[in-house]
Amino acid sequence: MDFQEGEILYFDKPLNWTSFDLVNKVRYGISRYLKVKKIKVGHAGTLDPLATGVMIVCTGKATKRIDELQYLTKEYVATLKLGATTPSFDLETEIDATYPVEHIDREAVESVLQQFKGEIMQIPPAYSACKVEGERAYLRARKGEDVEIKPKPLVIDEIELLDFTGDEIKLRIVCSKGTYIRALARDIGQALNSGAHLIKLERTRVGEATLDKCLKVADFQPEKLFEKDCCLG
């Protein structure tokens, strides 16, 4: 492998790691292997610290393809907790309100999910990297400031109910770039006349890169990557 000329690798991002943590780990490993001080490394699509799964990492000249790779279709498996909301729409913040769930059954969930297929408008979370007047929204949100973000268009190609347990639903979602699954959880909760927040998220595919092809961070050794199974090209 020629990391300086450019490689595209995919990793299974661990829980509680930021996207930057993963990039830093890969950059450090490659730099030590090549005995160089600097090498370009970047990722094609952020994952929240509380999410796991497929993350594409580009090295060297392949970093020029990051913008292109960010537009690849993504697939997620998400678990939503019904009947409660949090300011961040996930487990980063504490529950701020509770709602009834007794009226929600599998049929109601299946019906509501149909509303989210195709082209939709979505308001990103205040706890996100979106910029508001030049500042990251999450920085303002964490200071307790009101954050107003405009709705953005996106596409949900598929949304499938995998499991329903009364106060939790498990979904498979295939969507476009820019989709916030946390915001989707908020919107589904509201559509069910209740509340919801995300309690687990795994990105299972980006383009043709699937979890079974991903490198584990703990096993990453640049000197042993001689095969192309972990690369897009």
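The values are calculated or read from the model by the stated rules, or taken from the named source; none is laboratory data. Quick caveat: nothing in here was measured; it's all calculated off a predicted structure. Here Cβ is always computed from backbone atoms with ideal geometry, including for glycine, and neighbour counts include all displayed protein chains.
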Q: Select from segment 149-202 the residues that are within 14 Å of the chain's Cα centre (by Cα) and not in a strand (DSSP E or B) and list them in ascending order.
A: S176, K177, G178, T179, Y180, I181, R182, A183, L184, A185
(Q) at pLDDT below 90, charged (D, E, K, R) and surrounded by fewer than 19 Cβ atoms within 10 Å (Cβ to Cβ): is that true of R140 in this structure? (A) yes
**Q.** Candidates F11, F20 - the one that is assigned to a helix (DSSP H, G or I) and under 19 Å from the mean Cα position of the chain (by Cα)
**A.** F20
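From the residues in segment 190-216 that are small (G, A, S) and buried (at least 19 other Cβ atoms within 10 Å of the Cβ), which one is nearest to Q70 (Cα to Cα)?
A209
Here's the yes/no breakdown for (1) farther than 22 Å from W17 by Cβ; (2) touching a residue at least 60 places away in the same chain (Cβ under 8 Å); (3) loosely packed, with under 12 Cβ neighbours inside 10 Å:
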{"site": "P87", "(1), (2), (3)": "yes, no, no"}
{"site": "E92", "(1), (2), (3)": "no, no, no"}
{"site": "A97", "(1), (2), (3)": "yes, yes, yes"}
{"site": "E107", "(1), (2), (3)": "yes, no, yes"}
{"site": "K117", "(1), (2), (3)": "yes, no, no"}
{"site": "I123", "(1), (2), (3)": "yes, yes, no"}
{"site": "P151", "(1), (2), (3)": "yes, no, yes"}
{"site": "R172", "(1), (2), (3)": "yes, yes, no"}
{"site": "I188", "(1), (2), (3)": "yes, yes, no"}
Q: Could you check, for segment 63-82, whether at least one of its residues is assigned by TED's automatic domain parsing to the domain that holds K152, under 12 Å from L192 (Cα atoms), in a strand (DSSP E or B) and over 19 Å from the mean Cα position of the chain (by Cα)?
A: yes
Q) Taking segment 55-75, which residues are under 14 Å from G207 (Cβ atoms), of a type outside the set (A, V, I, L, M, F, W, C), surrounded by fewer than 21 Cβ atoms within 10 Å (Cβ to Cβ) and in contact with a strand residue (DSSP E or B) (Cβ under 7 Å, 6 or more places away or on another chain)? A) R65, T73, E75
